[in-house]
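Taking it in order: structure first as structure tokens, then the write-up.
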Amino acid sequence: GVDAIVDALELFEGLDVQDDGLDGVPARDVVRLEVRMESLPHLPRLHLVPQLRILNVTGNKLTDIDAVRDAPLLEELVLDQNRLTSLRGIERLHRLVVLRAVRNEISDAEDLASLPSLRHVDLSINHLSTLRLSAPGLMKLQLQKNRLTSVAFLEKLPSLAELHLGENQLSSLDPRISEWNPLLLKVFLWRNSLTSLPELRLPLLTDLTVDNNRLSELGPLGFLPSLERLSANHNRIQVVGSPLSASPLLHTLQLAFNALPASEAERAVVGFPRLRKLQLNDNPAGADLMEAYRPWALRLVPQLDELDNEAVEGPERTTARSAQLAADPYLPHVLARGRRGPSAAAPSAVP
């Protein structure tokens, strides 16, 4: 097949495709068609390009895509920045792998319900309040900036690895997400109305973002052994579950702009030996401790490379480690035993 960027007017007239270096190539051989920023009110006559695999019509004035029914071999469809309110016509694209329809006015995506080949769907910045999907191979789903109130549509997406649901209207997260989507790697739930999070069992999850919600408690988050980044800035968190999560690989923890006192902040950061980046600024803990806040935080986690967006320098880390050791209640016993030497160890009891 031929990969070409085609002038839409040629297709409207039924002429052969012509492009620099591809003069005379017939439309029937075109596999890629891009008609961007042309103010098109409707799609080209796609029956003229029967081998079409990729169609990009970003930045036009489309109000419907009924004509895609004439392109059953489509594998990638990009409809960004148009005036669509539905996806009617897409239901016949059983080979479709990638769908992008960002920044439209879509409130009805019912025709998307059963497309078995989908791997990546991006319907960000639309008007969706509900969604129905059954796509066993879908791996990436982007739905940020819509009006969704439920995640029930996740039930039939067993291969999902990346989920973007920022800036919707979610008040809760269904605990069955661990059963429905066990392969999740990244979950982004910023700017919703979440008041709590369930305990999760997602062994592959590396990123969880819940910034700008209404959480007053955080954790226990459950079994997340691969978690590396947890962000819950700009909430109302006062209480931290113990343990916050079973996540020995966690290296970034962001809890800024919450309501954490020192005792809860301490509970949040302990138990993460690989923690390197920590944000606790703008919590009551900092206001209460004042100048003592930074030394206190570094004593808790002296291995940090960055605290509250400020690098931790070598001397500061050394001081923190010394303070941590000095506060260790077992240190005097260890030192005393060291002075006695191995021969001074208490003898074993003899029956």
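The values are calculated or read from the model by the stated rules, or taken from the named source; none is laboratory data. Because the structure is a prediction, the values reported are computed rather than measured. In this analysis, Cβ positions are derived from the backbone assuming ideal geometry, glycine residues included, and neighbour counts consider all displayed protein chains. Each accessible area value is taken on the protein alone, full model and side chains, heavy atoms only, with ligands, DNA and RNA left out. Shrake-Rupley method; radii C 1.70, N 1.55, O 1.52, S 1.80 Å.
Within region 266-285, does at least one residue satisfy the condition of being in a helix (DSSP H, G or I), open to solvent by 20 Å² or more (accessible area, probe 1.4 Å) and among the small types (Gly, Ala, Ser)?
Filtering region 266-285 down to residues in a helix (DSSP H, G or I) leaves 266-269, 284-285.
Next, only the ones that are open to solvent by 20 Å² or more (accessible area, probe 1.4 Å) stay: 266-267, 284.
Cutting the leftovers down to among the small types (Gly, Ala, Ser) gives us none.
No.
Looking at the structure I just gave you, is Arg236 open to solvent by 20 Å² or more (accessible area, probe 1.4 Å) and over 18 Å from Val312 (Cβ atoms)? Break it down into steps so the answer makes sense when it comes.
On the way: open to solvent by 20 Å² or more (accessible area, probe 1.4 Å): yes; over 18 Å from Val312 (Cβ atoms): yes.
Yes: the conditions hold for Arg236.
Are any residues in region 199-224 open to solvent by 20 Å² or more (accessible area, probe 1.4 Å) and more than 17 Å from the chain's Cα centre (by Cα), and if so, which ones? Write out each step before concluding.
Residues of region 199-224 open to solvent by 20 Å² or more (accessible area, probe 1.4 Å): 199, 201, 203-204, 206, 209, 211-212, 214, 216-217, 219-220, 223.
Scanning region 199-224 gives Glu199, Arg214, Ser216, Glu217, Gly219, Pro220, Phe223.
Considering each residue of region 241-263, count those that are open to solvent by less than 50 Å² (accessible area, probe 1.4 Å) and either under 24 Å from Leu165 (Cα atoms) or out of contact with any helix residue (DSSP H, G or I) (no Cβ under 8 Å at 6 or more places or on another chain) (or both), and give that number.
If we filter region 241-263 for residues that are open to solvent by less than 50 Å² (accessible area, probe 1.4 Å), which is where we start, we get 241, 244-247, 250, 252-256, 258-262.
Then drop every residue that is not either under 24 Å from Leu165 (Cα atoms) or out of contact with any helix residue (DSSP H, G or I) (no Cβ under 8 Å at 6 or more places or on another chain) (or both), which leaves 241, 244-247, 250, 252-256, 258.
Selection size over region 241-263: 12.
Among (1) touching a Ser or Thr at 6+ places or on another chain (Cβ under 9 Å); (2) closer than 19 Å to Glu264 by Cα, there is one condition His234 misses while meeting the rest; what is its number?
The one condition His234 does not meet is (1).
I'd like to verify a number: residues in region 134-145 that are within 17 Å of Ile106 (Cβ to Cβ) and open to solvent by 10 Å² or more (accessible area, probe 1.4 Å), how many?
Residues meeting the conditions: 3.
Can you tell me how many residues in region 180-233 are hydrophobic (A, V, I, L, M, F, W, C), part of a loop (DSSP other than H, G, I, E, B) and closer than 17 Å to Leu157 by Cβ?
7
Could you list all residues from region 146-170 that are within 15 Å of Thr209 (Cα to Cα) and either polar (S, T, N, Q) or open to solvent by 10 Å² or more (accessible area, probe 1.4 Å) (or both)?
Step one: of region 146-170, the residues within 15 Å of Thr209 (Cα to Cα) are 161-168, 170.
Matches in region 146-170: Ala161, Glu162, His164, Glu167, Asn168.
Condition (residue is part of a strand (DSSP E or B), over 18 Å from Val239 (Cα atoms) and of a type outside the set (Asp, Glu)) applied to region 286-299: is it met by at least one residue? Please lay out each step first, then the result.
The first filter runs over region 286-299 and keeps only residues part of a strand (DSSP E or B), leaving none.
For region 286-299, residues part of a strand (DSSP E or B), over 18 Å from Val239 (Cα atoms) and of a type outside the set (Asp, Glu): absent.
Just for strands (runs of 3 or more DSSP E) wholly inside region 22-110: which have at least 2 residues that are open to solvent by 10 Å² or more (accessible area, probe 1.4 Å), in contact with an Asp or Glu (Cβ under 9 Å, 6 or more places away or on another chain) and not hydroxyl-bearing (Ser, Thr, Tyr)?
Working: elements: 30-34, 54-56, 76-78, 98-100.
The strands (runs of 3 or more DSSP E) meeting that bar are 30-34, 54-56, 98-100.
Looking only at region 213-229, decide whether some residue is polar (S, T, N, Q) and touching a strand residue (DSSP E or B) at 6+ places or on another chain (Cβ under 8 Å). Lay out the reasoning, then the answer.
Here is the first cut: in region 213-229, the residues polar (S, T, N, Q) are 213, 216, 226.
Checking the rest, the ones that are also touching a strand residue (DSSP E or B) at 6+ places or on another chain (Cβ under 8 Å) come to 216.
Scanning region 213-229, I find at least one residue that is polar (S, T, N, Q) and touching a strand residue (DSSP E or B) at 6+ places or on another chain (Cβ under 8 Å), so the answer is yes.
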